[in-house]
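**Q** Let me begin by handing over the structure; questions about it come next.
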Amino acid sequence: MNMHTKLIVTALGFCALPFAQASEFADYGRVIRVQPRVEQIRQPREECKTEYVQVPVQQQPQQRSAGGAIIGGIAGALLGNQVGGGSGRAAATAAGAIAGAVVGDRVDNNGRPVQAQQQYMQEQAVRQCRMVDAYESRTMGYDVTYDYRGQTYTSLMDRDPGQRIRLRVSVEPERGQ
């Protein structure tokens, strides 16, 4: 063996030394207690409700036609003009025009009276929303307490192991001996 080969074999021997001294195997421990580790997570959400309120509403009066009043006024004026003479004729014409206009308006608008704007109350849906804090519980892991050969240990695990827990046991001599 040349010097270079001896150096490589010696280096490999030093690297493998910890592996030769340590022994690792699997065993089981008895689970004593499993306690979930729960965390409260804030989840804001929108909460809405619908309320019904009374709202004043203006109602426009129905449109009335003026055509009947005009025609009635003209017809009444013509009839009034036929009655009387002199200044009485002018008064009869004016009275006929007024009476004709009233009769023509009622006939044309089916007797509907003149209406002012009316106000009444109407129910209206109003949706109101607000943000509220809701909390959700999440299990972040499990504190598992177990017994192995008379000693009690606790570990944080990502799942509940059940009644027994698989352990990786490593045996290694103490340093310095």
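The values are calculated or read from the model by the stated rules, or taken from the named source; none is laboratory data. Because the structure is predicted, anything quoted here is derived from the model rather than measured. In this analysis, Cβ positions are derived from the backbone assuming ideal geometry, glycine residues included, and neighbour counts consider all displayed protein chains. The accessibility values were calculated without ligands, DNA or RNA, using every heavy atom of the protein model including side chains. Shrake-Rupley method; radii C 1.70, N 1.55, O 1.52, S 1.80 Å.
**Q** Mind giving me the FRET efficiency for M157 and R45? R0 is 41 Å, r the Cβ-Cβ distance, nearest 0.05 is fine.
**A** Once rounded, the FRET efficiency stands at 0.80.
**Q** So, R0 is 30 Å and r is the distance between the beta-carbons of R175 and V31; what FRET efficiency does that work out to, to 0.05?
**A** E between R175 and V31, to the nearest 0.05, is 0.40.
**Q** Give the accessible area for D160 in Å² (nearest 10); use a 1.4 Å probe, count only protein heavy atoms, and leave out ligands, DNA and RNA.
**A** My reading of the accessible area for D160 is about 80 Å².
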